Each structure stands twice: as C-alpha cells, then as structure tokens.
Amino acid sequence: MSKEMSTADAISMKKKSQFGDFVRRFKKNKGGIVGLLIIVMFLICALFPAQLVGEDYYSQDLSNRYCHPNAEHIFGTDELGRDVLTRMVWGARTSLEISLSAVAVSCILGTIVGCIAGFYGGVTDNILMRIMDVLMAIPSTLLGISIVAAFGSSIYVLIFAMGISSIAGFSRICRSSVITIRDQEYIEAARATGASDFRIITKYVLPNALAPIIVQISMSIAASILSISGLSFIGLGVPAPTPEWGSMLSNGRQVIRDHAYIVIFPGVAIMLAVFAFNLLGDGLRDALDPRLKS
Amino acid sequence: MKKFVSLLLVLVLAMGMLAACGGEGGNDGNSNKAVKERIIVVTEEEPAHLGPRTNSVAQGIPNRLIYSALMDYDYDTATFNPDLATEWEWLDDLHLKFKLREGVKFSNGEDFTAEDVLFSFAQTKTDSTAISTMAWYDDVNSYANGDYEVVLAFNYPYFPAMQVLCGGRTYIADKTTYEKVGADAYQREPIGTGPYKLQSWTTGSNIVLERNDTWYGGQAKTPEFEIRFVQEANSRVIALETGEADMAFYINGNDADRVDSFDGYHIERGRAYKYYTVCLNMQNPKFADRRVREALSLAIDLDALTDATFDGQASVMTCPIPSKTEGATPIYGGGTGKWEYDPDKAAALVKECGVEGMEIELHIASGGEFKTAAEIVQQFWNKVGFNVHIETSKLAAREPAASGKPWEASIRSGNASEVTSILIIYDSAFGSRIGNNDDKLDKMLDDLEQCYDLEKRKTMIKETLQYIYDIRYTMPFAEVDTIFGIRDDIEGCKFSPSISLWNLEAYNWVIYED
C-alpha cells in the first residue's frame, strides 16, 4: 500500500514539476508574457463588453457624426454617430468569437485527420494528405470569399469558412508529431496490453503530440483574426450593424484624411491582437520545446 | 534694315516650322505650343468589355471615344444632332428613315454602310443587357435602301427611341470584323468609327486609346487618351495631388475642397441623373398590405438618410425620378415634395397590422454608400417595430436576376436620363428587384413610352409618378452630384454632370505644354 502511495505521489510530483517547468520557462519569455497580457485584455473586452462600455453599440446619432475624440467619446464617433470605443470593445467579442470558434473547428477536424493519417500511414495517410494538399492549394482568403459568396455572410458561415481553410495546417502538424510517436516503445507496450487503436491514439499518442498543436492554435488565431478583418473589409464579413474591426476600418477608409481616428483605433486593435497571439505562440513554442529545457 | 527684317522673318518662320514638326505630340493647328501627348483620367471601375452595346458607366468614356452612333444628343439644349446619320425622317409612327454619312471608315479601314447599322441593331435582340431597352425595335422589318439609307421599323410606338439611338446600346460596329472574330474578341478589341481607337488594354490597370486618323470628324486634339482604374476615391484624389492624372472622376464630396486647394486643379460638380431608392418586392406577401408599406415609408427620414449617406454630395428627391428628368415635379407630401416622416404613425400602423417584429431582409450590393444607407434604413425600420437584417451581395451570382431568388427589400441606384428608361425598373418585363405584378402600373408605363404628344406626356408622367408614390413600393431618396477633379489648363473640356459621360466630347480635350 505504502509503495502504491509513493508511486502516485511520484507521478503527481512529476506532473506538477512538468507544468511548473513549463510555467517557469514561459515566464522567462517576456514577449510571451506581453502577448498573454494583451490577450487577457481583449478577452475581458470580449467577455464583459456590456459592463465595460454599455450595451448600445448600434444606435445611431446622425446629428453627431464624425465627432473627433473628446471627453464624451474617447475614441470619437463614426459616420453614423456611433461611439467608436463602444463598437471596438464589442468588436473584440466578434473577432475573438469567430476566430476562436474557427480555430476550434479546424483544430478538431485537422487533429482527427492528422492522427488517423499519421497513425495508420500507408494508403490512408496518402489519401487524407492528398485531400489536405488540395485544401492547402486554395488560398484561404479566396476560399473564404467563395464560401461566403455561396452561402451569404453570417457569423456561422465565417466560422465555417475560416475553419475549413486552416484544417490542412493542423492535420500536417499533427500527422508529423504522430509519426514520430507511433513507433515509440510505450506505444508498443500499450499495444501489447491489447489496447484499441482509439485508446492508444487518445490516451498515449495525442497527449504527447499536443505541444506543436498548441503553438499552432495560437498562430492560427492570429491568422484567423486577420482573415476575418480582411473579409469584413471587402464587405463579406459580419453583417451590419454588428461591429467588427475590419468593417470599421473599411467604413473609415473613405474619410481617412479628415477623420483618421476612425481607422487608427480598429487598425491598432487588429495589429495588437495579431501581434499578441503571435508573441504568445512564440512563447509557448519556446516553453514547450524539450530541447530548451536545460 | 530690309535684309535684317527679312532674315528675322525667315528665322521666325523656320523656328515655327521646327516647332510644328517637333515632338510626337505634334501641336494644335491653332497654337504654336506643343500638345501634351497623353491625357490621363482616373476612374473607379474597369469595364467588363468594350462591345458596342454599353451597359455600364465604366464603358461610357472609352465607348464614346471608340464608337459613333446615328445621332448625338445635346443634354444642354435637349436637341438631336447628326452623327453617323446626317438626316432623319419619321415615315409614320412605326418607321424612321435615316440618311447615312458617306465616306466614313472604321478604324481598321473598312467602309461604314447601312449593313453595319442593321447588323449592330440586330445584335441587340440577342444581347440580354440590351433586350429591354430595344424591345421596340423590329429587326425583321427594318431594311436598307442602298449603302447609305436605312429604315428602322418599330414593334410599337416608342417615344424615347431617338434618345436610345444616340449611343449607349446602339453604337455601330463593323459587321465584317464582328462576324469574322466573334463577339468576345470584338468586345476585347473593338473597332468603331469614333475619334480614337484602342491601343492597349491592361486588365486591372488601364486602357490606352490612340487617335483614329480615319475619323470623319477630323482629328482628335490629343494623340493619346489613357483611362486608369483606381477603385478608391482617396487614391484618385492622390493621383491629382501628385500630378499623376489630369482628371479624376467620382470624387467624394468631402474631398472637393481639398482638390480645389491643389495647385493647378479645380473641382467641377453638378447634379447628375444617378439616384438611389429603397425597393420592396411587389410579389412578396409581406408587403401586400399597403399599410405595411406605408409604415415602412413613414419610418424613414429622407433628409437624414440622404445627408448621412452622401455627406452633402446628394440632394433629397422630391418625386420618384431625378429632378433634371423630363416631367419631374414635386410629388411627395401631397405635392410639396417633402417626404412625410412620421415614426409614431408608422409604429401605430405596424401595431394595427399586427406585424411587430416582422423580419425583413434588406439586400444591398457591396459598396460604401449602399452599406451606410442600409444601416440607416435598418435603424429607422427597427425603431418602428420591424426586425431588419442586412444582406450584402458581393457577387453578381447572388443578384436576383442570376440566382432566381427575388430580394424582399433592397437598395438600388438608377442612372438613366430619360423618364421611360428610369421607370423601366417598374416594368413587369424588367423583373428584378421590384417584380411588378400590377397591371395598372404596367399599362401606365406602356402608354407613356408609346406617347409622342409632349403635352399629353406631361400629364401621363405626373399621373404615373403619383401612382408610384401612392403604392409605396419604392422610396427614392437621393439624387447625387457628379464631382470631377480637373486640371485648370485642360482646354475644350465641357463639364457634364451626366454620370454616363456620353457627351463629354473628350476628342476636344487638349493640354498645351509650356
């Protein structure tokens, strides 16, 4: 009994020290911490916009258009007299909601495809990866435009469009990790105990292949935010009057020389969000890289 | 002294001759100054093709310079002038005879004859973009008398036929070349009898035209004419600011003062025929009850909508057609021209009809002004109890004509200058967004287009406009100004606010270099 307890303790300590190791290494990465702080700030905006700036992001005040930043409207008002700050905070929710959902879709589907392809190899791998090659051959923005043009613009269509276009990236990363893991001795051991393929993949392969996937998630969110903003900029994003940073940029571009603030604030928000997720991704990659443990 | 004066004269003459021969741009016959080799204009949209049947504003300028029509319409004096036809005569209400100009050649050297006219018009019967405008034309019974006389037959009397024959969809193509190369190739490499001919067309960048030396009207004053495509209005302003362009079309109202402040440039602006309207589909049961339509119309503050959408670049309409058009007279608000904005009454009507929360899809084409207008209309309608969703269509495939799915409500723009052409959107045969199913309105429109009596037309136009206003399926709200940025030293350039640019007479434009 005492022997069993001590083994459990040892496992627990090992787990704690692995996570502690990761946190310690991540903390050393100043860029990663800055990225995380910015993301937390955007997450707070996305989770509590009504508490931060009020619920009314859509009401127009046509007699108060193009009001430059002042005490009442810190970021000014737009072409329809709406408060830019309010719309930016609500825009954070739109951008993060779509990008996180899109990345979740692509991560889940891409990981499933990658695991199956990498684990079974052979013909299965060949077929799945060629399908992914086809997906990769289509530029993500063009694919997004085609999907939105075919199905109309809504948040769900955008999530689908963005999600589909990043599946290939996840599947390739996951496949390469699985290939290096599938021939490890502990996988052989699991197989020898009679574990099913599903159990082996979910219990032993996937947990050990997560590190690059986590990094890819962070990077994909950044790319997704940019793509959504791009689609919104050309009028294929979220339907009006839902605030979205890309469409705010697009609205302001005609008056950029007279009312530059309308494009500066959402532009900076997009830049900061993308920058933050990239910094976080870099930080995570460094912290999760076993070669940098020393 | 005499010798000295003679020598001086010889020298001056010699210098004059040298100057006359110098430079590719040559010079203008009335001036010793060199002519700028190429006039560069920047415009927003690239034409889809340069075929002889113009169906977009983007084709307006190049086609005007490449092709000619039977007649030319002067918008200022509202008169018809000879072009490829020198004389015309109504034989009866259904036959119009034209005597054609002799000795005219296409830019490829082919002779222009009556066969080219009949061939070009016959093409309009199979071109989907021209069918509605040319429904009156009877190609079977039209005929030529020799090479230089043609008689056009009508399926029914059609008042605007003369104006239709002044270009746009009725430019004359070279039959021989057209049949030889096919429609697609012809549209890409057009051959016309106009003052310029195509030199090059770089997709996405520019169209360069060069002087057509076989033009019967003489010689265009500037050797080359370049049309650059710059989609962003801001970038077109920058093209003027940097001196890259001699003229920029479609400047935004908020940039007008800026352009005026540029050294060597000024702004020309004027009321155009382009207007914007909210449309409800007449076949949609949601709008079958007139009270619902009245509520939708009373909910919109036309002044606020126009001002906020166009930022001072447009005026509020007072009747369903632009104010410059034949027969335009104040109709709104019982003849005052003022739209009744009454949100309280609108809300009461919504309650009375029991349509609170009724969902409406408001469709728009992608474009800044459509989006802004749609958001404002959405707020007005939502305030009185509707639930409006905006649907943006980026691709033509999602337009009702292509997809077969009619739009419930939409915002569209119109651009014609003649009253029948403007009102064609209400014709049941036109289909599209309004989807007219009202026989009375159809009859009114048919009667109007077949009436040649000017006095009678005035009454008919007024009655038709009043009826359109009363049924409230459309809410025409803004007529826009055309704003161009133009170089101060460009000569021969007569500004025309007609957004179709058909009568800019760009062959007269010239810039003399110091």
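The values are calculated or read from the model by the stated rules, or taken from the named source; none is laboratory data. Quick caveat, the model's predicted, so the values are computed rather than measured. FYI the Cβ positions are ideal-geometry reconstructions off the backbone, even for glycines, and counts take in every protein chain you see.
For region B:345-376, filtering for residues that are in contact with a helix residue (DSSP H, G or I) (Cβ under 9 Å, 6 or more places away or on another chain), assigned to a helix (DSSP H, G or I) and more than 11 Å from chain A (Cβ to nearest Cβ) leaves 8.
Is it true that some residue in region A:160-175 is hydroxyl-bearing (Ser, Thr, Tyr) and surrounded by fewer than 19 Cβ atoms within 10 Å (Cβ to Cβ)? Let's see the steps before the verdict.
From region A:160-175, those hydroxyl-bearing (Ser, Thr, Tyr) are A:165-166, A:171; that's our starting set.
Add one more test, that the residue is surrounded by fewer than 19 Cβ atoms within 10 Å (Cβ to Cβ), and what stays is none.
No: zero hits.
Within the option set A:MET219, A:MET248, being surrounded by 24 or more Cβ atoms within 10 Å (Cβ to Cβ) and either assigned to a helix (DSSP H, G or I) or without any contact (Cβ under 8 Å) to a residue 60 or more places away in the chain (or both) holds for one residue only, A:MET248.
Among the residues in region A:123-140, are any within 14 Å of chain B (Cβ to nearest Cβ) and among the polar types (S, T, N, Q)? No, region A:123-140 contains no residue that is within 14 Å of chain B (Cβ to nearest Cβ) and among the polar types (S, T, N, Q). Within region B:77-86, the presence of at least one residue that is in a strand (DSSP E or B) and among the hydroxyl-bearing types (Ser, Thr, Tyr) is confirmed.
Within the group A:THR242, A:THR202, which residue is out of contact with any helix residue (DSSP H, G or I) (no Cβ under 8 Å at 6 or more places or on another chain) and surrounded by fewer than 21 Cβ atoms within 10 Å (Cβ to Cβ)? So the residue among A:THR242, A:THR202 that is out of contact with any helix residue (DSSP H, G or I) (no Cβ under 8 Å at 6 or more places or on another chain) and surrounded by fewer than 21 Cβ atoms within 10 Å (Cβ to Cβ) is A:THR202.
Is it the case that region B:287-304 has a residue that's in contact with a strand residue (DSSP E or B) (Cβ under 9 Å, 6 or more places away or on another chain), surrounded by fewer than 21 Cβ atoms within 10 Å (Cβ to Cβ) and polar (S, T, N, Q)? Checking region B:287-304: not a single residue is in contact with a strand residue (DSSP E or B) (Cβ under 9 Å, 6 or more places away or on another chain), surrounded by fewer than 21 Cβ atoms within 10 Å (Cβ to Cβ) and polar (S, T, N, Q).
Would you be able to tell me the number of residues in region B:92-112 that are among the basic types (Lys, Arg) and either part of a loop (DSSP other than H, G, I, E, B) or in contact with a His (Cβ under 7 Å, 6 or more places away or on another chain) (or both)? Spell out the reasoning first.
Applying the first criterion (among the basic types (Lys, Arg)) to region B:92-112 yields B:97, B:99, B:101, B:105.
Right, trim to either part of a loop (DSSP other than H, G, I, E, B) or in contact with a His (Cβ under 7 Å, 6 or more places away or on another chain) (or both) and you get B:101.
Of the residues in that region, 1 qualify.
Check region A:201-214 and report whether any residue there is modelled with pLDDT under 90, closer than 23 Å to A:ALA92 by Cα and either in a helix (DSSP H, G or I) or within 14 Å of another protein chain (Cβ to nearest Cβ) (or both). Looking for residues that are modelled with pLDDT under 90, closer than 23 Å to A:ALA92 by Cα and either in a helix (DSSP H, G or I) or within 14 Å of another protein chain (Cβ to nearest Cβ) (or both), one finds at least one in region A:201-214, hence yes. Checking each residue in region B:268-286 for being within 24 Å of the chain's Cα centre (by Cα) and either part of a helix (DSSP H, G or I) or surrounded by fewer than 19 Cβ atoms within 10 Å (Cβ to Cβ) (or both) picks out B:GLU268, B:ARG269, B:GLY270, B:ARG271.
The set of residues in region B:52-72 being over 18 Å from B:GLU189 (Cα atoms) and under 13 Å from the mean Cα position of the chain (by Cα) consists of B:VAL57 alone.
If I filter region B:377-403 down to residues being within 8 Å of chain A (Cβ to nearest Cβ), assigned to a helix (DSSP H, G or I) and modelled with pLDDT of 85 or more, which single residue comes out as surrounded by the most Cβ atoms within 10 Å (Cβ to Cβ)? Here the residue is B:GLN378.
Screening B:TYR250 against (1) within 14 Å of chain A (Cβ to nearest Cβ); (2) buried (at least 18 other Cβ atoms within 10 Å of the Cβ); (3) more than 19 Å from the chain's Cα centre (by Cα) leaves a single unmet condition, (3).
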